[in-house]
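The structure appears right after this line, and notes come after that.
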Amino acid sequence: MALLTGRKALLVYTGRKDGLGNRVRALLSAQELARVEDRDLYYVWSTDEYFGPRMDELWHFEGGSPVSRLTSRVLLPVAWYRQPKGVRITADLRRRHLWQIHSHGLPVTWEDPAWRGSAGEGAGPAGPRPWTERLRELTPVDEIADEVRSLYDAHLRGRPYVGIQVRTHAVSHAKTIESSPVEWFANRMRQIRADHPDVPFFLSCDTPEAQKQLAGEFDGCVFLTDKGGYNTVKGVRSGLVDLYLLASSQHLIGASFSSFVEMAVFLCDGVVPFERPDQPLEGEFSLSLGLAEDPLRPAQR
């Protein structure tokens, strides 16, 4: 088994019921740690009724090799699961051939004191880059990329718009459903239209009912249709189309306690003004942010 006989390795275990955001931040942060430590990367990314698509059905990803949950568990006698945070890398730990990290939905944030002096001081080796930089470097698979560009070119290119992310599905975080009702978004959209009557809205809703309600009240809404079932291959791919179009907007409004909309913020590198029910807008509402030339690279304006 290459995990035990080949180069030193890092295996990150993402949870079977983890959603897209939790899986991606664990995998990409582990990829950075593996790069810095010169280890081969392996990862558990389960696909079943809880989550349908493989990583390589979403993005072009050649940074690691997938392995099964069973493979990971068979290796526990020689490499037990370590936590994703609170681990300090020592000489003894570096000598171990295999590291297994159970992500628990979190990014991997191991530490080495030697890294701390590297930023701007030139002392010691450079540590891992933020996983969000890796996220911005990813390119969606062709089917997703083509749909992002097609929708953007047909309905959104060349004019400022507002991205609206609503979460009302029964499986959403209970705090999200409680704190972010559809009517809150409708009220905010009314306020924006009062001052900007022609601004388009891009809707990212996880239920057709919420989408129908908002699109029925506000003309000029852009949205995907026939998005597929929750966490199915089609459903998650549709979610990625939403993600890139949200990140390419001039203003972003999202649901509280949602890691999905946070991924949109990371994709645009935080350049898009962002608000949600528990995070009011800082400053005045504006649509002055530059337009995205390529919706697959929304941070570049």
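If you go through the stretch 151-186 one residue at a time, how many are farther than 13 Å from Ala255 by Cα, modelled with pLDDT of 95 or more and not small (Gly, Ala, Ser)?
Filtering the stretch 151-186 for residues farther than 13 Å from Ala255 by Cα gives 151-162, 170-171.
If we keep only those that are modelled with pLDDT of 95 or more too, we end up with 151-162.
Those left that are additionally not small (Gly, Ala, Ser): 151-153, 155-157, 159-162.
Here the count works out to 10.
Looking across the stretch 196-223, the residues that are at pLDDT 95 or above, small (Gly, Ala, Ser) and in contact with a strand residue (DSSP E or B) (Cβ under 9 Å, 6 or more places away or on another chain) come down to Ser204, Ala215.
Could you go through the stretch 224-240 and let me know if any residue there is closer than 27 Å to Pro53 by Cα, among the polar types (S, T, N, Q), touching a strand residue (DSSP E or B) at 6+ places or on another chain (Cβ under 7 Å) and not in a loop (DSSP other than H, G, I, E, B). It would help to see each step written out before you state the result.
Keep residues of the stretch 224-240 that are closer than 27 Å to Pro53 by Cα, which gives 224-240.
Now narrow it down to the ones that are among the polar types (S, T, N, Q): 225, 231-232, 238.
Those left that are additionally touching a strand residue (DSSP E or B) at 6+ places or on another chain (Cβ under 7 Å): none.
The answer is no; no qualifying residue exists.
Among the residues of the stretch 13-31, are any surrounded by 14 or more Cβ atoms within 10 Å (Cβ to Cβ), more than 25 Å from Phe260 (Cβ to Cβ) and not hydroxyl-bearing (Ser, Thr, Tyr)? Checked the stretch 13-31: no residue is surrounded by 14 or more Cβ atoms within 10 Å (Cβ to Cβ), more than 25 Å from Phe260 (Cβ to Cβ) and not hydroxyl-bearing (Ser, Thr, Tyr).
So that you can scan it fast, the table gives a plain yes or no per residue for (1) basic (Lys, Arg); (2) closer than 15 Å to Arg134 by Cα; (3) surrounded by 16 or more Cβ atoms within 10 Å (Cβ to Cβ):
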residue	(1), (2), (3)
Phe257	no, no, yes
Val265	no, yes, yes
Ser286	no, no, no
Gly290	no, no, no
Leu296	no, yes, yes
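I need a count of the residues in the stretch 274-284 that are open to solvent by less than 50 Å² (accessible area, probe 1.4 Å) and touching a residue at least 12 places away in the same chain (Cβ under 8 Å). Show your work before the answer.
If we filter the stretch 274-284 for residues that are open to solvent by less than 50 Å² (accessible area, probe 1.4 Å), which is where we start, we get 274-277, 281.
With the extra rule that they be touching a residue at least 12 places away in the same chain (Cβ under 8 Å), the set shrinks to 274-277.
Residues flagged as open to solvent by less than 50 Å² (accessible area, probe 1.4 Å) and touching a residue at least 12 places away in the same chain (Cβ under 8 Å) within the stretch 274-284 amount to 4.
Can you confirm whether the stretch 233-248 contains a residue that is open to solvent by 60 Å² or more (accessible area, probe 1.4 Å) and at pLDDT below 95? No, the stretch 233-248 contains no residue that is open to solvent by 60 Å² or more (accessible area, probe 1.4 Å) and at pLDDT below 95. Only one of the numbered conditions (1) at pLDDT below 95; (2) open to solvent by less than 10 Å² (accessible area, probe 1.4 Å); (3) of a type in the set (Phe, Trp, Tyr) is not met by Tyr50, and that is (2).
Output the strands (runs of 3 or more DSSP E) that fall wholly within the stretch 29-99 and possess 2 or more residues being under 22 Å from Arg7 (Cβ atoms) and under 25 Å from the mean Cα position of the chain (by Cα), or say none. Even if it seems obvious, please write down each step before you answer.
Numbers: elements: 40-44, 65-67, 85-88.
Here the list reads 40-44, 65-67.
Provide a single number: the residues in the stretch 71-101 that are open to solvent by 20 Å² or more (accessible area, probe 1.4 Å) and of a type in the set (Gly, Ala, Ser). Selection size over the stretch 71-101: 2.
So, of the residues in the stretch 193-207 that are assigned to a helix (DSSP H, G or I) and touching a residue at least 12 places away in the same chain (Cβ under 8 Å), which turns out to be least open to solvent (accessible area, probe 1.4 Å)? Reasoning before the result, please.
Initially, the stretch 193-207 is screened for residues assigned to a helix (DSSP H, G or I), giving 193-195.
When the remaining residues are screened for being touching a residue at least 12 places away in the same chain (Cβ under 8 Å), the result is 193, 195.
Values: Arg193: 36, Asp195: 120 Å².
The selected residue is Arg193.
Which ones in the stretch 102-126 are at pLDDT 90 or above and either open to solvent by 70 Å² or more (accessible area, probe 1.4 Å) or closer than 15 Å to Leu28 by Cβ (or both)? Listed by number, the residues that qualify are Ser103, His104, Gly105, Leu106, Pro107, Val108, Thr109, Trp110, Glu111.
The values are calculated or read from the model by the stated rules, or taken from the named source; none is laboratory data. Just so it is clear, the model here is predicted, and its values are computed rather than measured. Every residue, glycine among them, receives a Cβ derived from its backbone with ideal geometry; neighbour counts consider all protein chains shown. These accessible areas exclude ligands, DNA and RNA; they are computed on the full protein's heavy atoms, side chains included. Shrake-Rupley method; radii C 1.70, N 1.55, O 1.52, S 1.80 Å.
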